Amino acid sequence: MKVSFGTPLYMSPEQMTNQAPCPATDLYSVAIMLFELMAGKTPWENLNPIEIAMAKTQGKTPGLRQVNPRAETSDRLDEFLAWSLSPDPALRPQDVACFREAFESAM
């Protein structure tokens, strides 16, 4: 039996469903922290752990402006966050160099 430990708000969908972690797993958590820094709160601030897991695995991540209408963002930044927070780890940045390059380009 596998057991996952972590803070649900920052855990990737694969961590919440006991799948094997990969580099995209850590980058997902970094993307959540970037989201929080830009919006002032996480995408699922008022949900319980089960609701958070369901939203993450179903790809229901709100955009920055949905969470904070005053958040300063752009279409490129929103696209970067949506890509980095994909529920499928194969569709996310696969390494930190790729993540950083895309983030810098979006900024």
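Please specify each residue of the stretch 83-97 satisfying the condition of being among the hydrophobic types (A, V, I, L, M, F, W, C) and open to solvent by 50 Å² or more (accessible area, probe 1.4 Å).
If the condition is that a residue be among the hydrophobic types (A, V, I, L, M, F, W, C) and open to solvent by 50 Å² or more (accessible area, probe 1.4 Å), then Trp83, Ala90, Leu91, Val96, Ala97 are the ones that fit.
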Residue hits (the stretch 48-82; of a type in the set (A, V, I, L, M, F, W, C) and either loosely packed, with under 13 Cβ neighbours inside 10 Å or farther than 15 Å from Ser29 by Cβ (or both)) are Ile50, Met54, Ala55, Leu64, Val67, Ala71, Leu77, Phe80, Ala82
Could you check Gly59 against (1) free of Cβ contacts under 8 Å to residues at least 24 places away in the same chain; (2) under 16 Å from Arg92 (Cα atoms); (3) in contact with a Pro (Cβ under 9 Å, 6 or more places away or on another chain) and say which number it fails?
-> (1)
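Output yes when any residue across the stretch 24-44 is at pLDDT 90 or above, open to solvent by less than 20 Å² (accessible area, probe 1.4 Å), in a loop (DSSP other than H, G, I, E, B) and out of contact with any Cys (no Cβ under 9 Å at 6 or more places or on another chain), and no when none is. Working first, answer last.
Let us first name the residues in the stretch 24-44 that are at pLDDT 90 or above, namely 24-43.
Restricting the remaining residues to those that are open to solvent by less than 20 Å² (accessible area, probe 1.4 Å) gives 24-25, 27-28, 31-32, 35, 39, 42-43.
With in a loop (DSSP other than H, G, I, E, B) added as a condition, the list becomes 42-43.
Among the residues that remain, those that are also out of contact with any Cys (no Cβ under 9 Å at 6 or more places or on another chain) are: 42-43.
Checking the stretch 24-44: at least one residue is at pLDDT 90 or above, open to solvent by less than 20 Å² (accessible area, probe 1.4 Å), in a loop (DSSP other than H, G, I, E, B) and out of contact with any Cys (no Cβ under 9 Å at 6 or more places or on another chain).
The values are calculated or read from the model by the stated rules, or taken from the named source; none is laboratory data. Here the structure is a predicted model, which means the values were calculated and not measured. Cβ sites come from the backbone with ideal geometry, for glycine too, and all protein chains shown count toward neighbours. Heavy atoms of the whole protein, side chains included, go into the accessibility calculation; ligands, DNA and RNA do not. Shrake-Rupley method; radii C 1.70, N 1.55, O 1.52, S 1.80 Å.
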